[in-house]
Amino acid sequence: NSYTSEMGLFNYIDADGIIKNLIVSDCRYNENTRAKLSILAGKQYGTIDNCHIFNCDIYDIENNGYSGFAFFNNGQIINSSVSDITLTNSMGAIGVFCYQNNGDIINCRIKANLSQKPKGINSSIICTYNNKNIFNIFVENYNKDLYGLSYNNSTNGQYNNCIMPQL
C-alpha cells in the first residue's frame, strides 16, 4: 500500500527505495491539510543517503507534527544534514530530523537553529519519539527551547556518539 496520510516531497518510500545525493533548499510548506508532515518524506522504509535540507519554511497553524527528513523513519537516513528551518505560526511539535524514528539515523548533522520556539512540548532536536538507533550525530547550535535529543526514547532506542555543544 503506497497511500499514506503523512505528507512530504515523497509521501512514501518503500523498503527498496533510495533517495541519494539530493539537496532541498528554499522550500516552503504552507498547507494545513495534513496533521503529519515532513519536508522530504512522509513514511520512509528505504534509504536516504547524502541528502541535505537547507533554508526551508514550515507554516503551521493547526497544531501539526512535523520534521525535516521523515515523519516516520522506518529505514535508514545516513550521511545527511538539516539546517536553517524557519517556523511560522508554530503551533505543533517538531522532531528536527524526524518525528518518529523506528529505523536508523547514522552519520548526520543537525543545525538546530530554528527561527522560533515550537509550541508543542515534545519538540526535540533529533526526533520526538525514538524506537531504534541514532548513531554519530553532530548537533550544531543547540536550541534550549527544544526538549533534548528525543522527547521519548523507548527501551529499544539507542543513542551512540551524539555530540552536542555546551549549553
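Taken over the range 1-26, the criterion of being under 17 Å from Asn102 (Cα atoms), in a loop (DSSP other than H, G, I, E, B) and either open to solvent by 60 Å² or more (accessible area, probe 1.4 Å) or modelled with pLDDT of 85 or more (or both) is satisfied by Asp14, Ala15, Asp16, Gly17. Scan the range 124-159 residue by residue and report those that are among the aromatic types (Phe, Trp, Tyr), part of a loop (DSSP other than H, G, I, E, B) and open to solvent by 70 Å² or more (accessible area, probe 1.4 Å). Across the range 124-159, the qualifying residue is only Tyr147. Within the range 96-113, the set of residues being touching a Gly at 6+ places or on another chain (Cβ under 8 Å) and either open to solvent by 10 Å² or more (accessible area, probe 1.4 Å) or not aliphatic (A, V, I, L, M) (or both) comprises Phe97, Cys98, Tyr99, Asn101, Gly103, Asp104. Taking the range 45-77 as the range and being aliphatic (A, V, I, L, M), at pLDDT below 85 and open to solvent by less than 60 Å² (accessible area, probe 1.4 Å) as the test, only Ile58 passes. Of the residues making up the range 143-165, not a single one is of a type outside the set (Asp, Glu), over 12 Å from the mean Cα position of the chain (by Cα) and modelled with pLDDT of 90 or more. Do we find that Gly95 is over 11 Å from the mean Cα position of the chain (by Cα) and not hydroxyl-bearing (Ser, Thr, Tyr) in this structure? Answer is no for this residue.
When the residues of the range 27-44 are narrowed to those that are at pLDDT 75 or above and part of a loop (DSSP other than H, G, I, E, B), which ends up surrounded by the most Cβ atoms within 10 Å (Cβ to Cβ)? Show your work before the answer.
To start, the set of residues in the range 27-44 that are at pLDDT 75 or above comprises 27-29, 36-44.
Retained after the next criterion (residues that are part of a loop (DSSP other than H, G, I, E, B)): 27, 39-40.
Working: Cys27: 14, Ile39: 23, Leu40: 27.
Ranking the candidates gives Leu40 first.
Residue-by-condition table, conditions (1) under 19 Å from Ser123 (Cα atoms); (2) of a type in the set (Gly, Ala, Ser):
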| residue | (1), (2) |
| --- | --- |
| Ile23 | no, no |
| Arg28 | no, no |
| Gly42 | yes, yes |
| Ile48 | no, no |
| Asn64 | yes, no |
| Phe69 | yes, no |
| Val82 | yes, no |
| Thr88 | yes, no |
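The values are calculated or read from the model by the stated rules, or taken from the named source; none is laboratory data. All values derive from a computational prediction rather than experimental measurement. FYI the Cβ positions are ideal-geometry reconstructions off the backbone, even for glycines, and counts take in every protein chain you see. Accessible surface is based on the protein model in full, side chains and every heavy atom, while ligands, DNA and RNA are left aside. Shrake-Rupley method; radii C 1.70, N 1.55, O 1.52, S 1.80 Å.
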